[in-house]
1. Of everything in the stretch 79-92 that's under 16 Å from Asn27 (Cβ atoms) and crowded, with 18+ Cβ neighbours inside 10 Å, which residue is farthest from the chain's Cα centre (by Cα)?
2. Looking at Gly66, Gly95, which one is more than 24 Å from Asn42 (Cα to Cα) and either at pLDDT below 95 or surrounded by fewer than 22 Cβ atoms within 10 Å (Cβ to Cβ) (or both)?
3. Collect the residues in the stretch 31-43 that are closer than 25 Å to Ile124 by Cβ, open to solvent by less than 40 Å² (accessible area, probe 1.4 Å) and not polar (S, T, N, Q), keeping them in residue-number order.
4. Could you go through the stretch 178-189 and let me know if any residue there is polar (S, T, N, Q), free of Cβ contacts under 8 Å to residues at least 40 places away in the same chain and under 18 Å from Ile83 (Cβ atoms).
5. Given the criterion closer than 22 Å to Thr252 by Cα and open to solvent by less than 50 Å² (accessible area, probe 1.4 Å), identify the matching residue among Ala191, Ala155, Ala168.
6. Right, Arg58: without any contact (Cβ under 8 Å) to a residue 40 or more places away in the chain and either closer than 27 Å to Ala104 by Cβ or open to solvent by less than 20 Å² (accessible area, probe 1.4 Å) (or both) or not?
7. I'm checking my understanding of the structure. Among residues of the stretch 15-30 that are surrounded by fewer than 19 Cβ atoms within 10 Å (Cβ to Cβ) and out of contact with any helix residue (DSSP H, G or I) (no Cβ under 9 Å at 6 or more places or on another chain), which one is modelled with the lowest pLDDT?
Amino acid sequence: MLTVIVPTYNAEPYLSQAMGSLLNEKNIELEILAINDGSTDNSLAIMEDFAARDSRVRVIDKANQGYGATCNLGIREAKGDWIAILEPDDWIEPGMYSDALAFAKREFGDPNKLDIIETPYWIIRNPDTPQEVKLHCAYRGRIKPPRQPFTIHDAPHLLAHHPSIWSAVYRRDFLLQNNIWFKEIPGAGWADNPFLVETLCQAKAIAYWPKPYYCYREETPEKAAALAKRDPLMPFNRWNDMVDILERLNVTDPAVWTPQITRGFTYMGIMIEHTGIEGHPEIERAIHKMFKRMPQELVFANPRVTPAAKKLYAEYMGIANPKISYGAYAKDLVGEGLYNVWNKGPKQTLKMITSHFGSYNARAGK
């Protein structure tokens with residue numbers, strides 16, 4: 001059996017689409033745990049309506065505690081051997097879970113020899129507007145481990161992008177035996193960030209099924225800006241949570257640390273683009289704390305970190321005359337551009353390049 005956890009808080013406009021997509025799953029024993037996290041809209045009524053129509057749906061109603069606590073309750077309550085998460089504003093295409101487990105059985109004989117089955121996903125950009133487009137995620141075609149199953153050291157690219165914990169399925173005993181739980185943070189809180197690192201770095205047997213099914217409604221730039229202004233320290237806090245895990249697990253592999261460094265600069269850039277640094281001593285302290293936890297040699301060797309961001313790092317760390325390779329950055333930028341032309345098409349690539357250079361200085365605090 002596979003249990004799908006649907007952690008829900010005020011998702012009335014989208015919940016029927018999410019739940020309906022789960023009911024299309026066939027050829028698999030399925031439990032759907034629809035957990036209402038104290039919604040104040042009609043989310044609970046929608047869940048109860050689905051439960052009345054399909055015995056696979058079980059509704060749990062509770063007081064609001066946040067995304068992490070809600071997912072943890074789902075893990076504890078799950079009857080399935082495998083666990084997946086569907087966020088209530090997303091949906092899946094038919095066959096996601098049955099195909100993933102069938103692939104595992106076909107390739108490895110027994111799916112329970114695995115800890116995690118990863119898949120790519122679809123990005124739904126400008127959702128629910130006339131400009132809506134469906135795009136491949138940024139690691140399509142990039143996960144090429146030398147063998148299957150594999151560990152994160154064979155495919156660190158899985159750590160380099162959006163923490164898409166919902167485009168995977170997890171063996172429940174793997175989570176329980178390794179004491180893997182979500183961080184219980186009020187609200188959404190980006191609890192998916194530490195869970196991503198914890199699961200991928202603890203797993204001894206990951207399989208990758210390269211077909212996308214999960215449809216992720218991308219947040220609008222306006223929502224990202226509002227978050228940055230409302231809680232500018234949250235991304236730094238989650239980044240530190242992720243590093244805490246790497247250090248606790250004694251992970252020293254540069255291939256695993258490098259995407260974590262990239263993520264830190266990305267999160268920093270998002271925040272200071274909208275808030276700035278000047279006049280925000282708390283952000284300055286957060287940046288300095290983050291920089292002190294980054295291995296210096298990996299920062300300067302990382303072509304994904306912009307020269308402007310490396311200069312900011314050198315300034316904060318008191319490094320005079322840092323050696324910064326503009327050539328490596330330019331080469332990586334060209335490579336990323338060519339990849340995105342193949343992966344997302346010329347039009348979307350042009351938009352990404354325009355956005356990148358439009359915010360280049362702002363994301364380095366200038």
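The values are calculated or read from the model by the stated rules, or taken from the named source; none is laboratory data. Note that the structure is predicted; figures quoted are calculated from it, not measured. Cβ placement follows ideal geometry from the backbone for every residue including glycine, while neighbour counts extend to all protein chains displayed. Note: accessible area is taken over every heavy atom of the protein model, side chains too, but ligands, DNA and RNA are not part of it. Shrake-Rupley method; radii C 1.70, N 1.55, O 1.52, S 1.80 Å.
1. Gly80
2. None of the other options fit; the residue is Gly95.
3. Hits for the stretch 31-43 are Ile32, Leu33, Ala34, Ile35, Asp37.
4. Yes, the stretch 178-189 has at least one match.
5. Ala155
6. yes
7. Selected residue: Asn24.
Each row is one residue, and each column tells you yes or no for (1) surrounded by 21 or more Cβ atoms within 10 Å (Cβ to Cβ); (2) within 15 Å of the chain's Cα centre (by Cα).
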{"site": "Asn112", "(1), (2)": "no, no"}
{"site": "Asp115", "(1), (2)": "yes, no"}
{"site": "Pro120", "(1), (2)": "yes, yes"}
{"site": "Asn126", "(1), (2)": "no, no"}
{"site": "Val133", "(1), (2)": "no, no"}
{"site": "Gly141", "(1), (2)": "no, no"}
{"site": "Pro145", "(1), (2)": "no, no"}
